[in-house]
Structure formats: structure tokens, C-alpha cells
Amino acid sequence: MGEILIVISLLASLKWLFEEALHSSWLTRGIHVTLYITAIIGIHTLTMESSLPLLEKALYTPESLENISLLVIIDLLYVVYLCTGRKREDKQSFYSTQLTPNARQRFWQGFRTVLSSLPPLLFFPTLYFIRLKLFYVLPGYSFVGISVGLALVVSIISLFAPQLCRFLTLQEETCKELSILLSLSLFLIIVAAGAIHPDSQVQGQGENINWLEVALLLGAVFIMSLLGYLGHRYYIYRKTKSIKSLQ
């Protein structure tokens with residue numbers, strides 16, 4: 001389970017970077033940094049009293065994997081909303097220029113603004129695991145110094161996430177696609193971990209698994225997913241080209 005948690009933490013950290021890059025407001029990212037620092041301070045004492053082997057053992061149960069998969073699904077739904085919410089906000093801003101919004105419309109506009117400004121939900125439990133893992137990776141170092149260093153790294157990356165992605169030549173649409181793909185990858189990893197768990201497997205006499213058929217099925221799913229992704233990219237390319245030709 002330790003290797004699975006490391007992979008999940010790595011993917012969740014990358015997704016956190018891409019999600020933060022989608023927030024163009026310094027104020028929003030500054031609020032996120034405040035929440036991250038508060039979370040690191042709150043889990044500092046908790047991680048000192050925790051044990052990594054016991055945590056891995058507690059998480060590697062069918063019930064815990066189901067709870068984690070539920071959290072990943074909620075995070076996936078939020079990522080999809082975050083990546084598609086800006087187009088909806090543009091339409092609403094156009095509508096608001098035509099008609100004066102009433103109190104109900106202002107309430108829902110404010111609610112959607114707050115909802116689209118939330119920090120990555122999956123990053124907070126990831127921070128806990130990273131903080132606990134650092135105790136074992138950096139033995140002999142100051143516990144407070146490790147927490148302060150982690151807070152500084154997280155703060156700098158969060159504040160300058162858009163600039164960092166632009167330095168990596170990643171556009172906003174690319175960050176959205178990577179955020180959704182990473183969320184889907186996290187969900188698939190959790191589902192696979194639950195499927196291969198010994199307590200989740202059906203015990204009994206039966207036919208041996210035909211691994212060739214399983215490989216063909218996975219290959220077909222991968223090919224169809226790849227074709228769908230390439231088709232979507234081609235559609236966006238044609239649509240963008242047609243818009244430029246009209247201009």
C-alpha cells in the first residue's frame with residue numbers, strides 16, 4: 001500500500017499545481033496558501049503521534065478504499081465543474097450586461113464564484129501523507145523545520161502556479177485537460193487497488209483467468225479512449241481554425 005500512496009500523492013500534487021494555475025486571482029491563491037499553512041500547522045502534532053506503517057495498514061482495507069474512492073469521485077466532479085465553469089460564467093456575465101440581476105441571481109452568482117474558487121480538495125489529505133512521509137525520509141532533522149520548509153514550498157508553488165505553468169509552456173486548456181486526466185487516473189488506481197485486495201476477491205473454485213482476453217479488453221478501452229481524445233482535439237482545432245478564418 002505504501003507504493004500506491006506514493007503514486008497517489010504524486011498525481012494529486014501534480015493535479016494541485018494544474019488546478020492552482022486555473023485561478024488567475026492572486027487573492028484566491030493567497031487564500032489557498034493561508035488554508036494550506038493552517039492545515040500544515042494543524043497536522044504537525046498529529047503526524048508526530050502517527051505511524052506510517054499503521055496508516056498504510058489502516059488504509060489498505062476494502063472499507064477504506066471505498067471511502068477514498070468516494071472522496072476521489074467528489075474531487076473529480078469538482079474538477080470537471082472547475083474546468084467547465086468559466087464558459088458558464090462568461091455567458092452569465094454577458095447576460096448580466098443586458099439585464100440588471102435581482103437578489104436571487106446575485107446570490108447564485110456569488111455562490112458559483114465561491115464554489116469555483118475552492119482549493120483542490122484532495123490536496124489536504126495528501127499534505128498529511130507527505131508530512132508524515134517526510135519524518136521517515138528525513139530522519140534526524142528538526143520536525144518544526146520540516147513543517148516550515150513544506151509550508152514555504154507549498155506557498156511559493158501555489159502563489160506562482162500560473163507563472164510556473166506558463167514557464168513550462170502549458171496553456172490554460174492544457175491545464176484543464178491534465179487536471180481531469182489526473183483525476184481519472186487517481187480514480188482508476190483506487191478502483192484497481194480495491195479490486196486486487198485479497199479481501200475483495202471471491203474465493204472459490206472456478207476457471208482460470210484468461211489474461212489474453214483481459215489484455216485485449218484493456219487495449220480496446222485504451223484505444224477507444226485515445227481515439228475519443230484525439231477526435232476531441234481535432235474538433236477543437238477545426239473549430240478554432242474556422243473562427244480565425246471568419247475573423
The range 1-87: which chymotrypsin sites (Phe, Trp or Tyr not before Pro) are DSSP loop and have at most 11 other beta-carbon atoms within 10 angstrom?
none
State the extension gain, in nm to one decimal, for the chain segment bounded by Phe187 and Val148, taking 0.36 nm per residue of separation less the distance between their alpha-carbons.
10.9 nm
Applied in sequence order to the range 212-225, the curve 6.51 cos²θ - 1.76 cosθ + 1.60 (Karplus, θ = phi - 60°) yields integer Hz couplings, x standing for Gly and Pro, of 5, 5, 4, 5, 5, 5, 5, x, 5, 5, 5, 5, 5, 5
Total lysine pairs whose alpha carbons fall under 17 Å of each other in the chain (8 or more apart, or interchain)
4
Per residue of the range 43-49, in order, report the coupling 6.51 cos²θ - 1.76 cosθ + 1.60 (Karplus, θ = phi - 60°) as ³J(HN,Hα) in whole Hz, putting x for Gly and Pro.
8, 4, 5, 5, 5, 5, 9
Here D for the chain, in µm²/s, from Stokes-Einstein with a Kirkwood Rh over Cα pairs at 10 °C and 1.306 mPa s, works out to 75 µm²/s
Would you kindly state the longest site-free stretch of the chain, with sites defined as GluC sites (Glu not before Pro) in a DSSP loop (not H, G, I, E, B) surrounded by at most 12 other Cβ atoms within 10 Å?
50-206
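Read the figures in this text as sums done on the coordinates, not as results from a lab. What you see is a predicted model; the values in this text were computed from it and never measured. Cβ coordinates were reconstructed from backbone atoms using ideal geometry, including for glycine residues, and neighbour counts include every protein chain displayed.
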